[in-house]
1. Within the range B:217-229, can one find any residue that is open to solvent by 10 Å² or more (accessible area, probe 1.4 Å), more than 12 Å from every other protein chain (Cβ to nearest Cβ) and free of Cβ contacts under 8 Å to residues at least 12 places away in the same chain?
2. Name every residue in the range A:189-212 that is within 12 Å of chain B (Cβ to nearest Cβ) and assigned to a helix (DSSP H, G or I), in order of residue number.
3. If I go through the range B:366-389 residue by residue, how many of them are more than 10 Å from chain A (Cβ to nearest Cβ), open to solvent by 30 Å² or more (accessible area, probe 1.4 Å) and closer than 21 Å to residue B:275 by Cβ?
4. Among the residues of the range A:117-134, write down those that are open to solvent by 30 Å² or more (accessible area, probe 1.4 Å) and within 8 Å of chain B (Cβ to nearest Cβ).
5. For residue B:392, state whether it is within 30 Å of residue B:163 (Cβ to Cβ), open to solvent by 20 Å² or more (accessible area, probe 1.4 Å) and modelled with pLDDT of 90 or more.
6. Tell me, which residue of the range B:195-216 that is in a helix (DSSP H, G or I) and facing another protein chain (nearest Cβ under 7 Å) is nearest to the chain's Cα centre (by Cα)?
7. Right, residue A:319: of a type in the set (Val, Ile, Thr), more than 24 Å from residue A:464 (Cβ to Cβ) and modelled with pLDDT of 90 or more or not?
8. Would you say residue A:54 is part of a helix (DSSP H, G or I), within 14 Å of another protein chain (Cβ to nearest Cβ), at pLDDT below 85 and crowded, with 19+ Cβ neighbours inside 10 Å?
Amino acid sequence: MKALRLVLVLASILCIRPADAWAADAPSGDFESAVKALNGDSYDDKIAAIEALGALADGRAAPVLQAMLDGHLAALPDQSLVISENGAYRDALTGAILNDVKADDLSDITINNRVRGVLDGVLGQLSLKSPDPDARRKAAQAMADRRTPGAAEVLRAMLAGETDASVRSTVEAALGTLDLLSPDRSRRLAAIAILAGSSDPNVKGQLERLQDGEKDPELRKAADKAIASITFRLTLINVGANLFQGLSLGSVLLLAAIGLAITFGVMGVINMAHGEMIMLGAYTAYVVQEAFVAWLPPTVIGLYLVVAVPIAFLATGLVGIALERGLIRFLYGRPLETLLSTWGISLILQQVVRSIFGAPNKEVANPAWMTGGVDMTGGFTLTWNRLVIILFCLAVLGILAAVLRYSRFGLQMRAVAQNRPMAAAMGIRTGRVDALTFGLGSGIAGIAGVALSQIGNVSPNLGQGYIVDSFMVVVFGGVGSLWGTLLGATSLGVVNKLLEPYAGAMLGKILVLVFIILFIQKRPRGLFALKGRSIEG
Amino acid sequence: MKLMRTIAGAGALIAVATASQAAMAAEDTIKVGVLHSLSGTMAISETTLKDTVLMMVDDLNKKGGLLGKKVEAVVVDPASNWPLFAEKARELLEKDKVAVVFGCWTSVSRKSVLPVFEQDNGLLFYPVQYEGEESSNNVFYTGAAPNQQAIPAVEYLMSKDGGEAKRWVLEGTDYVYPRTTNKILRAFLNSKGIADADILENYTPFGFSDWQTEVGKIKQFAAAGKKTAVVSTINGDANVPFYKELANQGIKASDIPVVAFSVGEEELAGIDTKNLVGHLAAWNYFESVKTPENDAFIKQWHAYVKNDKRTTNDPMEATYIGFKMWTQAVLQAGTTDVNAVRQALYGQKVKNLTGGEAVMNSNHHLSKPVMIGEIKPDGQFNVVWKTKSVIKADAWSPFIAEDKGKVADWTFPWACGNCTEPKFKAYQ
């Protein structure tokens with residue numbers, strides 16, 4: 001009974017709340033005809049209707065336009081418009097809930113990018129007075145971008161009453177870009193002065209265009225100076241952005257390579273199936289995501305990634321142990337046979353996954369907390385997924401280093417790597433340590449797979465893209481050294497990203513490879529050389 | 001001794017029996033070769049086409065087969081390995097003696113099997129959009145040529161509805177299809193008065209995954225103030241990280257639209273499209289187009305793969321049209337003989353799944369409609385523009401200087417795919 005009442009209360013809240021927006025104004029003829037016209041025959045008609053709605057400054061316009069932007073506006077056969085919300089329908093004019101609408105009767109109101117742009121602008125305008133400073137900022141920006149006639153006056157009026165500092169600076173900049181086109185010379189001059197402090201590449205473009213048409217020498221000079229100062233700042237920002245992107249690429253390389261640093265670096269096994277361990281990890285993330293979708297409420301869906309990490313570690317670790325016990329242990333000391341048989345394993349694993357999951361890519365969605373990014377200055381966006389991966393990668397490396405350094409298992413592992421007969425004589429079960437070490441390396445590759453599923457494809461071929469890079473990092477960093485792997489990955493990433501803007505992606509990669517070849521000639525053991533079985537053997 | 005003789009006799013008997021059985025089978029069925037990669041990098045795209053051919057064969061057999069015989073599909077796996085494509089093609093033509101082959105995806109695999117088909121006088125139906133610049137007597141191209149995909153897409157983005165783009169980024173994977181397409185597009189853009197300074201051409205390796213710098217570059221190029229559009233000929237696996245990066249760096253379609261030529265419903269199935277709404281693709285087919293033919297096709301596909309969630313895409317329609325055309329031509333010719341079927345194919349018409357009729361022309365390419373679709377939040381496309389009528393494919397592009405005067409026409413008096421004057425000029 002109680003539950004029922006709760007449901008009723010909830011339902012009534014759901015019904016009442018959105019309807020409030022409509023209750024504000026009584027239906028008027030202008031509003032009705034403008035909304036009807038949203039279902040125009042051509043995009044031009046639709047745009048005219050949207051602008052008419054925007055000009056009405058009617059509180060009821062925003063939800064209708066928002067629904068149109070989201071693709072939730074549709075027309076009934078009698079040409080009246082409805083808004084669909086999670087399977088329910090309401091009348092676009094009155095906001096009343098409609099119960100007898102069939103989905104098959106509806107024809108969607110289609111929009112294209114041009115309409116979408118106008119909608120963005122008009123919706124922005126409607127939120128100029130919004131209490132949310134973020135919305136106000138966006139609104140001002142949208143108005144400047146669209147250059148609606150009279151926008152400058154509206155923004156000037158807005159600036160007079162604005163108290164929020166960040167909104168003020170946005171409005172000033174937006175006003176500046178509008179004033180650049182003003183016929184009034186002093187306005188233009190003032191605008192240049194304001195814009196000189198910007199570090200937006202768009203502003204630079206606008207100033208350059210102003211210069212093309214400007215006759216006034218004083219203005220030209222001011223613009224010159226402004227452009228020079230923006231260019232300087234942009235160059236600095238670019239270097240910063242390249243460094244960040246280099247670090248981010250480095251972290252991806254590192255994640256892919258850490259597992260290999262153990263299996264290849266410490267144990268000396270040329271494991272060509274390493275990439276497939278990464279792939280298995282990514283598929284584990286997919287399976288966990290599907291399990292979350294199927295069995296858990298949508299509110300916790302964002303956590304699937306966190307849960308996927310330990311599961312992927314265990315799953316791929318077990319596969320690794322099985323692989324070591326079943327095959328690799330018979331091949332120690334025979335690198336060529338190991339290489340061929342692990343390569344065979346990699347093909348088998350790929351085909352198994354292809355048979356189970358099918359050949360097409362699987363969608364592993366970024367959880368909300370990893371989507372998008374924060375717009376830094378100068379057109380550079382710091383994307384969340386990259387940032388999370390950098391931090392995650394450092395955490396994995398830190399934990400691994402601690403395990404190797406402080407745990408009993410780490411000690412045994414190092415002992416076996418350094419001197420197997422002696423370790424055996426001290427009572428260490430070397431076979432068991434081998435299996436666990438290989439499992440650890442594979443498990444970490446699985447964790448890497450979970451992270452890489454956030455930036456790339458999840459397909460059976462996922463691993464192949466990383467295997468060469470992983471070996472490159474481990475060999476360059478020094479076989480058997482974790483710190484070498486860290487340094488190797490970051491330096492390769494940064495060098496790659498610093499080269500890319502100048503040399504292009506193709507040539508950049510080739511240059512890096514040439515560099516590694518030369519480097520290995522000079523230092524065959526990589527940046528850091530450790531003593532271990534791989535060197536003795 | 002006696003025992004030995006009995007065994008030998010039994011063995012011989014079995015051998016004879018199997019041989020005659022094989023001979024019977026060869027007489028009773030018409031063999032259709034399927035040459036699509038089922039493993040390796042291209043399996044992601046090509047497996048679907050294999051299933052499409054099998055579905056069509058199944059359907060044909062349910063209707064009673066062809067010329068009174070059952071149709072039998074011979075499936076081989078060239079494993080995304082280009083030389084293996086040629087080997088498997090030879091196997092299909094010489095050992096299995098197939099009447100026709102449906103296959104290939106990448107241009108390089110097609111180029112690899114081309115000499116085999118020409119030598120053995122085989123018949124290949126190639127179902128994927130490609131760069132043009134080819135017309136073989138032994139290949140029928142049912143995918144789009146550049147003038148049926150790339151050029152209409154660019155024209156759309158130049159139009160008022162497309163946003164009147166003035167500055168162009170041509171972003172591609174580094175191989176023959178993007179390079180040739182972009183060469184044609186550059187010449188086309190130049191002819192429309194776009195200066196080279198307003199075109200940025202950029203290539204990345206196959207399977208490229210770190211798009212931060214490239215996407216940053218696009219943003220910067222677009223900051224010059226003119227409306228900028230991106231034409232993407234990025235192929236295969238590199239697309240998912242590219243679109244993820246676009247979404248994360250906040251490039252909205254209403255600011256910088258990206259139009260892709262290799263991204264369809266199937267590729268989008270691996271991407272969260274909520275942040276990509278409005279980016280575009282140009283194809284001759286979209287799953288979202290509502291026609292009775294398309295509805296029936298989708299229903300048939302779902303039933304065949306026993307999965308309601310599987311999407312359909314443009315190369316599938318191209319395979320469908322090619323298979324239907326071949327069936328019709330065999331019925332018309334009354335034989336599966338390649339020379340006769342080829343003659344019967346010219347002018348053969350098949351209803352497009354999206355309306356109108358596809359026609360096979362004597363340059364071995366189709367006339368098809370062109371559509372531009374915008375990505376919807378559910379991973380489907382919303383058709384925002386469509387050609388008024390079908391467009392005839394150009395095997396040779398008028399925008400490439402070296403192609404001037406080249407004609408692809410396999411009927412009298414030309415009978416040639418790459419000539420500047422007719423082969424049978426003397427008989428005219």
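1. Of all residues in the range B:217-229, those open to solvent by 10 Å² or more (accessible area, probe 1.4 Å) come to B:217, B:219-222, B:224-227.
Cutting the leftovers down to more than 12 Å from every other protein chain (Cβ to nearest Cβ) gives us none.
Checking the range B:217-229: not a single residue is open to solvent by 10 Å² or more (accessible area, probe 1.4 Å), more than 12 Å from every other protein chain (Cβ to nearest Cβ) and free of Cβ contacts under 8 Å to residues at least 12 places away in the same chain.
2. At the first step, the residues of the range A:189-212 found to be within 12 Å of chain B (Cβ to nearest Cβ) are A:198-212.
Of everything in the range A:189-212, those that are within 12 Å of chain B (Cβ to nearest Cβ) and assigned to a helix (DSSP H, G or I) turn out to be A:201, A:202, A:203, A:204, A:205, A:206, A:207, A:208, A:209, A:210, A:211, A:212.
3. 1
4. A:120
5. Numbers: within 30 Å of residue B:163 (Cβ to Cβ): yes; open to solvent by 20 Å² or more (accessible area, probe 1.4 Å): yes; modelled with pLDDT of 90 or more: yes.
Considered against the rule, which asks whether it is within 30 Å of residue B:163 (Cβ to Cβ), open to solvent by 20 Å² or more (accessible area, probe 1.4 Å) and modelled with pLDDT of 90 or more, residue B:392 comes out as yes.
6. Restricting attention to the range B:195-216, the residues satisfying the condition of being in a helix (DSSP H, G or I) are B:196-198, B:212-216.
Now restrict to residues that are facing another protein chain (nearest Cβ under 7 Å): B:212-214, B:216.
Working: B:212: 30, B:213: 31, B:214: 28, B:216: 32 Å.
Among them, the one singled out is B:214.
7. Numbers: of a type in the set (Val, Ile, Thr): yes; more than 24 Å from residue A:464 (Cβ to Cβ): no; modelled with pLDDT of 90 or more: yes.
Against the criterion (of a type in the set (Val, Ile, Thr), more than 24 Å from residue A:464 (Cβ to Cβ) and modelled with pLDDT of 90 or more), residue A:319 does not qualify.
8. Values: part of a helix (DSSP H, G or I): yes; within 14 Å of another protein chain (Cβ to nearest Cβ): no; at pLDDT below 85: yes; crowded, with 19+ Cβ neighbours inside 10 Å: yes.
Considered against the rule, which asks whether it is part of a helix (DSSP H, G or I), within 14 Å of another protein chain (Cβ to nearest Cβ), at pLDDT below 85 and crowded, with 19+ Cβ neighbours inside 10 Å, residue A:54 comes out as no.
The values are calculated or read from the model by the stated rules, or taken from the named source; none is laboratory data. From a predicted model like this one, the values you see are computed outputs, not experimental measurements. For neighbour counting, all protein chains shown are included, and Cβ atoms are generated from backbone atoms with ideal geometry for every residue, glycine included. Quick note on the areas: whole protein, heavy atoms, side chains included, nothing else; ligands and nucleic acids left out. Shrake-Rupley method; radii C 1.70, N 1.55, O 1.52, S 1.80 Å.
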